[in-house]
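Laboratory data are not the source of any read-out in this text; all were calculated from the coordinates shown. Quick caveat, the model's predicted, so the values are computed rather than measured. Here the Cβ positions follow ideal geometry from the backbone for every residue, glycine too, while neighbour counts run over all protein chains shown.
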Amino acid sequence: MSFDIVVIGAGPAGLCFARSLKDSGLRIALVERQEEAALMTPADDGREIAITHRSRRLLRELGLWARLREEEIGTLRDAMVLDGDDRDGLMFRHGEAGKEQLGWLLSNHAIRRAAYEEVAGLPEVERITGARVDAVRTGPNGAEVELDNGETLHAQLVAAADSRFSETRRAMGIGAEMRDFGKTMLVLRMRHQVPHEEVAWEWFGHGQTLALLPLHDAHTSSVVLTLAPPAMRELLALNDAALEAAMAERFQDRLGAMSVAGPRCAYPLVGVYAKRFVAERFALIGDAAVGMHPVTAHGFNFGLLGQDLLARELRAARAAGRSIAAPALLARYERRLRLATRPLYLATNALAGLYTDDRRPARALRKLALGAGARLRPFRRLVMSGLTAEQGGVPAPLRLLRRPRPA
Ligand SMILES: Cc1cc2nc3c(=O)[nH]c(=O)nc-3n(C[C@H](O)[C@H](O)[C@H](O)COP(=O)(O)OP(=O)(O)OC[C@H]3O[C@@H](n4cnc5c(N)ncnc54)[C@H](O)[C@@H]3O)c2cc1C
C-alpha cells in the first residue's frame with residue numbers, strides 16, 4: 001500500500017500530527033500496536049497533563065478542546081514551590097502574567113480519546129491498529145515500513161511517534177541521550193478535605209518529591225510522589241486505608257484526610273533527548289524526539305509544538321508543489337524544535353537532579369535557588385512565559401532571560 005506519510009504510534013503526538021494534516025491533500029497511514037478499542041476508550045493512566053496557553057490554542061485549533069467534557073478540565077490558577085519544611089514557598093501567580101490562570105490540567109486519557117475522535121473521522125487517514133512496526137527502510141526514492149502482519153507500506157516520509165523508548169529511532173540508527181534518574185514516580189488521584197483552591201504544589205521534601213495538581217473538583221487532586229524504587233515498592237504494597245494515611249502524613253496533614261480516587265500508576269523516571277530529530281525521509285516527533293522528566297510538565301506541550309512545526313512545513317511544501325521529504329525542510333524542523341526544547345530539557349534535568357539529591361550541599365543550594373528564584377525577575381519571567389505565552393512560532397527560552405528593552 002502507498003501513502004504520502006506513515007506515522008508510527010497513535011499516542012497523543014501521533015494522533016495530533018495526523019489531525020494537523022487534515023485537508024492538506026496528503027494520504028496518511030497511522031500505525032499503532034494497540035487495538036482500535038484501546039484507542040477509542042483509552043485506559044486511565046493516572047497522568048494529569050499541565051497544559052500551557054500555547055498548547056490550549058493548538059488543542060482548540062485541532063478541535064480536541066471542544067471534545068473535552070467540562071469536568072475533564074482543571075484550572076491551574078497559581079503554582080507554589082516549597083522546599084523541606086518551609087511553610088512559605090516560591091509562588092507563581094497568574095496576575096503577574098496578566099492572565100486569568102497559568103494553565104489547565106487535562107487527563108492524558110481524555111486527551112487521547114479526544115484526539116482519536118478527531119482522527120477517526122478523517123478520510124485521508126488510514127488507521128492500521130493491532131500492528132507493530134518490524135522494520136523501516138528509507139532511501140533517495142522512498143521509504144518502506146514493514147509490519148508484523150507481513151504487510152509493507154510505501155511512503156514519501158516516515159514520522160515516528162513511538163514513545164521515548166522508540167524502537168524506530170534505534171532502527172534508523174539515531175542515538176539518544178538518556179538520563180535515568182533512578183527514581184519512580186507515582187501518580188494517584190485523591191480526594192482531600194481541604195480545597196486546593198486551584199493552586200498546584202511542587203514540594204521538595206527530604207527523601208521525596210511531592211506535587212499536587214488541582215483537578216476540576218475543588219477537593220480532588222492528582223498526587224504525584226517521587227521516591228527511590230524500594231520505598232515506592234513498599235508504598236504500593238499498602239492497602240488503600242494504609243496508603244491514604246501515609247499520603248496524609250507525607251503532606252503533613254495540610255490537606256486534611258485523603259482518600260484514593262483513581263488507579264495507582266507508577267513510572268520510571270528517564271529523560272531522553274534524540275541526537276538527531278531527522279534522517280533521510282524520516283522525522284521523530286513527540287517523546288521519541290524529546291522525552292522530558294515530568295517535573296516541569298512540558299513533555300506533551302513540546303510534543304504538540306513539534307508536531308505543529310512539522311505539519312506546517314509539510315502543508316506549505318505540499319501547497320507549493322515541493323517535496324515533503326526535502327532535506328532542507330527536515331533540517332529546518334530539526335533546528336526549530338531543538339531551539340525550542342533544548343534549554344528547558346537541560347534546565348529540567350538540572351532541576352530534577354538538584355531536587356532529588358538530599359545531601360547537605362544540594363539542600364543548601366536548593367534553599368539559595370528558591371530564595372533567588374523569588375527575587376530574580378528574569379527567572380520568574382522564564383517560568384511564567386513558558387506557561388502563558390500564547391502566540392509566536394518558536395519560543396526561545398533563553399531570549400526571555402534577557403532584560404526587556406525600554407520602549
Ligand atoms: C507521570 C507523568 C506525568 C506527565 N505530566 C505531563 C505534564 O504535566 N505536561 C506535559 O506536557 N507532559 C507530561 N507528561 C508527558 C506526556 O505524558 C508525554 O509527553 C506524552 O504522553 C507523549 O506522547 P507520545 O505520543 O509522544 O508518546 P506515547 O504516549 O508514549 O505514545 C506512543 C505510542 O506509540 C505506540 N507504539 C510504540 N511502539 C510502536 C511500534 N513499534 N509499532 C506501533 N506502535 C508503537 C504505543 O503503543 C503508543 O500508543 C507526563 C508524563 C508522565 C509519565
Which log10 I(q)/I(0) values, to two decimals, does the range 138-256 give at q = 0.13 Å⁻¹ under the Debye formula with one point per Cα? -0.70
Give me the angle, in degrees from 0 to 90, between the Cα long axis of helix 240-250 and the longest principal axis of the Cα atoms of the chain, rounded to the nearest 10. 70 degrees
Divide by every residue of the chain the summed helix terms, -39500 (n - 2.57) for each DSSP H run of at least 4, and state the resulting mean residue ellipticity at 222 nm, rounded to the nearest 500 deg cm²/dmol. -10500 deg cm²/dmol
Restricting attention to the range 19-120, which GluC sites (Glu not before Pro) occupy a DSSP loop and are surrounded by at most 14 other Cβ atoms within 10 Å? 35, 100
How about residue 99: which aspartates and glutamates have a C-alpha closer than 17 Å to its C-alpha, ignoring those fewer than 8 places off in the same chain? 78, 197, 198, 390
Give the Rg (one decimal place) followed by the Dmax (whole number) of the range 49-188, computed from C-alpha coordinates and expressed in Å. 20.7, 63
Can you compute the radius of gyration and Dmax for the chain, using only the Cα atoms, both in Å? 21.5, 64
Using only Cα atoms, find the angle between the long axis of helix 299-319 and the longest principal axis of the chain, and express it within 0 to 90 degrees, rounded to the nearest 10. 20 degrees
What is the helix-to-structure angle for 108-120, meaning the angle in degrees between its Cα long axis and the longest Cα principal axis of the chain, kept from 0 to 90 and rounded to the nearest 10? 20 degrees
Restricting to the chain, what percent of DSSP beta bridges are antiparallel, rounded to 5? 70 percent
So residue 328 and residue 36, fully extended at 0.36 nm per residue minus their Cα-Cα distance, gain in nm 101.6 nm
For the range 1-24 and the range 85-139, distance of Cα centres in Å: 15 Å
Contour minus Cα-Cα span, residue 149 to residue 350, at 0.36 nm per residue, comes to 68.0 nm
DSSP loop GluC sites (Glu not before Pro) in the range 139-244 with at most 16 other Cβ atoms within 10 Å of their Cβ, which ones? 151, 197
Check the straight Cα-Cα distances from residue 275 and name the aspartates and glutamates below 14 Å, setting aside those fewer than 8 residues away within the same chain. 177, 287, 334
Rounded FRET efficiency, nearest 0.05, which uses the C-beta distance separating residue 237 from residue 280 and R0 of 45 Å: 0.35
Run the paramagnetic zone check for residue 193: 7 angstrom along Cα to Cβ, then residues of the range 241-259 with backbone nitrogen under 11 Å. 253-258
Charge context of residue 223, other residues only, Cβ under 11 angstrom, K/R +1, D/E -1: +2
Using a Förster distance of 41 Å, how high is the FRET efficiency between residue 218 and residue 180, based on the Cβ-Cβ distance and rounded to 0.05? 0.65
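Kindly state, as a whole number, the per residue volume in cubic angstrom of the convex hull around the alpha carbon atoms of the range 146-207.
About 223 Å³ per residue, rounded to a whole number.
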